[in-house]
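Here's the structure we're looking at; comments come further down.
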Amino acid sequence: MPSHVVFLRAVNVGKRQLRMADLRAWLADEGFTDVETYIQTGNVRVSTPMRSRAKLEQRLESILAERCGFDVPCIATSPAELAQVHADALALESPFGAAEGRRYVVFFKDELAAEATERMAAYDPPGERIWAVGRTAHVWITDDFHTAKVFGAFKKALADGTVRDLKVVATLAQKWGR
C-alpha cells in the first residue's frame with residue numbers, strides 16, 4: 001500500500017489549533033493506516049490505497065474541514081519525493097561562504113510558474129537567497145526568519161506553500177523517506 005508524507009498548512013497558529021493525537025485518530029477512523037505525525041506543525045505520514053496525490057490531498061482537506069471547522073490545505077509527497085527534496089537542499093552550496101545561515105523549504109501542490117522561478121533565481125540581496133526546485137522553494141537566510149525580506153518579496157508566489165525548517169525536512173527524510 002502506498003505511503004505518503006503530507007504537510008498541513010497553517011495549523012497550530014493562532015486559533016487554528018489541531019492536536020496531532022486527534023489527527024492520528026481521525027485519519028485512522030477514516031481508513032488510513034500507518035498514521036504517524038512529527039511535531040506539532042502538521043507533518044503526517046499515512047498509507048492508503050489512493051495513488052492520486054490530488055485525490056489524497058482533497059480527501060484529507062475534506063476530513064480536516066469537517067473535523068476542525070476550518071480549511072487546512074494539505075500538500076502530499078511520496079517518500080521518494082521527500083528524500084529527493086532533502087538531497088536537492090544538500091546539493092545547494094552556501095551562497096554566503098562560511099556563514100551558514102538558516103535554511104527552509106517551502107512545499108507546494110504544483111510547480112511554481114516560470115516567471116516566479118526566474119525571479120527567485122535572480123533574487124540577490126545581502127544575506128538572502130531563494131531557488132525553486134520542482135514543487136519546492138529553497139530559502140537560505142543569514143538573519144532571523146521574521147526579519148527576512150525574501151518572504152515578503154515573494155509573498156504572492158509563496159502564499160500557497162507551507163514552510164518547513166530544513167532540520168525538520170532532514171528528520172522527516174530520515175524517518176519517512178525512501
Requested in this report: Report the charge-dipole magnitude of the range 80-176 in Debye, nearest 20, computed about the Cα centre from +1 at each Lys and Arg Cβ and -1 at each Asp and Glu Cβ.
Outcome: 280 debye
Query raised in the report: Given 130, 116, 104, which one lies farthest toward the positive end of the charge dipole of the range 80-176, if we put +1 on the Cβ of every Lys and Arg and -1 on the Cβ of every Asp and Glu?
Result: 104
Query - Peptide ranges 166-174, 119-127 listed from the most packed, as the mean C-beta count within 10 angstrom indicates - result: 166-174, 119-127
Query raised in the report: For the chain, what is the charge dipole size about the Cα centre, in debye to the nearest 20, if Lys and Arg each add +1 at the Cβ and Asp and Glu each add -1 at the Cβ?
Result: 300 debye
Report summary line: Quotient of Cα radius of gyration and Kirkwood radius for the range 80-176, i.e. Rg/Rh, equals 0.93
Report summary line: In Å, the Kirkwood hydrodynamic radius from C-alpha pairs for the range 117-160 sits at 10.7 Å
Requested in this report: Taking every pair of Cα atoms in the chain, average 1/r, invert it to obtain the Kirkwood radius, and report Rg/Rh to two decimals.
Outcome: 0.97
Requested in this report: For a footprinting-style exposure proxy, rank 178, 102 by other Cβ within 10 Å, fewest first.
Outcome: 178, 102
Report summary line: the range 3-77 -> Rg/Rh from Cα coords, Kirkwood Rh, value 0.91
Query raised in the report: How would you rank 75-87, 25-37, highest first, on the average number of other Cβ atoms within 10 Å across their residues?
Result: 75-87, 25-37
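Quick note: the coordinates plus some simple rules give every number you see, no bench work behind them. These numbers come from a predicted model, not from an experiment. FYI the Cβ positions are ideal-geometry reconstructions off the backbone, even for glycines, and counts take in every protein chain you see.
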